[in-house]
Amino acid sequence: MGKLYVIGIGPGGIEHMSIRAKEAIEESEIVVGYTRYIEFIKPLLDGKKVFSTGMMGEEERCKEALRLCKDSTVAVISTGDSGIYGMAGLILELRKDEEVEVIPGITASSAAGSIVGAPLMHDSCNISLSDLMTPYELIKKRVKLAAEGDFVISLYNPRSKGRSEYLKENLDSIREYRTGDTPVALVKNALRDGQEVTVSTLDTFDYEKADMLSIVIIGNSQSYIKDGYFVTPRGYKL
Ligand code: SAH
């Protein structure tokens, strides 16, 4: 009887992966993942079978992993956390009687937050701007209500060629509930090769710099920039 690990490998650099995630990959005979993410863990793959596919092959990849794990130990990997826009949900939706263990990882918002300071110190939410599987009207509604609710907002999948203006539209919507000096962080390739960081404000933010390798964090009404650090106060009386 085999086993399937659904592993969040963290943002990219192996040093940011959990010990449990690394051990589970080492224990696995077969590793399944998107080609680009397989590259991140290459040093761990000696002697293992690798099944990788392009981005659109998610369903195919999960089905293959579930088939293979009947008599082998298999790891299916996601970047960041496998339970946050990762493979864990799809695996559990497709699962019949296979043994599955989900192993968490550092998600992009935590990785990016740590780089710019402490923007996620108060209530926050993650919203993906990808409308591949979610109607855009619903995405806009969630962003608007999160802004109205004064959440710190992390925007995943912020900008692609096919939806180059969604980010601007949603920042305009947030702008109705925030002042122009609200901090905005744009972090591309957080905690992996190619890292680029820009901390600006709703007034000065250049949305055209964002792409699918980036995450955008918008502060709440209390967030501020102190000596270059993006801080959201917890509420301590200082
Ligand atoms: N499971 C992943 C998210 C996958 S969705 C996680 O928990 O982080 C893919 C989106 O995540 C990207 O478009 C980008 O917005 C964000 N992302 C993932 N890794 C990132 C990184 N290292 N730096 C910046 N953004 C990242």
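The values are calculated or read from the model by the stated rules, or taken from the named source; none is laboratory data. Since the model is a prediction, treat every value here as computed from it, not as a measurement. Glycine also receives a Cβ, built like all others from the backbone with ideal geometry; neighbour counts cover every protein chain displayed. Just the protein is used for accessible areas: all its heavy atoms, side chains included, with ligands, DNA and RNA removed. Shrake-Rupley method; radii C 1.70, N 1.55, O 1.52, S 1.80 Å.
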| note | Of 72-80, 190-198, 163-171, ordering from highest average Cβ density within 10 Å down gives 72-80, 163-171, 190-198
| request: Taking 7 Å along the Cα-to-C-beta vector as the label spot, tell me the residue 197-residue 20 distance in nanometres, rounded to one decimal. | output: 2.8 nm
| query | Tell me, what ³J(HN,Hα) does each residue in the stretch 136-145 have, in order and in whole Hz, if you take phi through Karplus 6.51 cos²θ - 1.76 cosθ + 1.60 with θ = phi - 60° and put x for Gly and Pro? | reply | 4, 4, 5, 4, 4, 5, 5, 5, 4, 5
| request: First compute the accessible area of the chain with a 1.4 Å probe, then give the percent of it belonging to carbon and sulfur atoms. | output: 51 percent
| request: Using a 1.4 angstrom probe, figure out how much accessible area the chain has per residue, in square angstrom, rounded to the nearest whole. | output: 51 Å²
| note | Projected onto the charge dipole of the chain (unit charges on the beta-carbon of Lys, Arg, Asp and Glu, signs +1, +1, -1, -1), the Cα from 16, 194, 145 with the largest positive-side position is that of 145
| message | Quick one: 3J(HN,Hα) in Hz for the stretch 63-78, Karplus 6.51/-1.76/1.60 with θ = phi - 60°, rounded, Gly and Pro as x. | response | 5, 5, 4, 5, 5, 5, 7, 5, 9, 9, 8, 10, 10, 10, 10, 10
| note | Ordering 58-70, 200-212 by per-residue average of other C-beta atoms within 10 angstrom, highest first, gives 58-70, 200-212
| remark: With only helices counted (DSSP H, runs n ≥ 4, each -39500 (n - 2.57)), the per-residue ellipticity at 222 nm for the chain, to the nearest 500, works out to -8000 deg cm²/dmol
| said: Could you put 123, 227, 81 in order of accessible surface area, largest first, with the 1.4 Å probe and the full protein assembly present? | reply: 227, 123, 81
| message | Quick check: residue separation of residue 118 and residue 48 times 0.36 nm, minus the Cα distance between them. What number comes out in nm? | response | 21.3 nm
| field | Nearby lysines by direct alpha-carbon distance to residue 22 (threshold 17 angstrom, same-chain neighbours under 8 apart not counted) | value | 3, 42, 48, 49
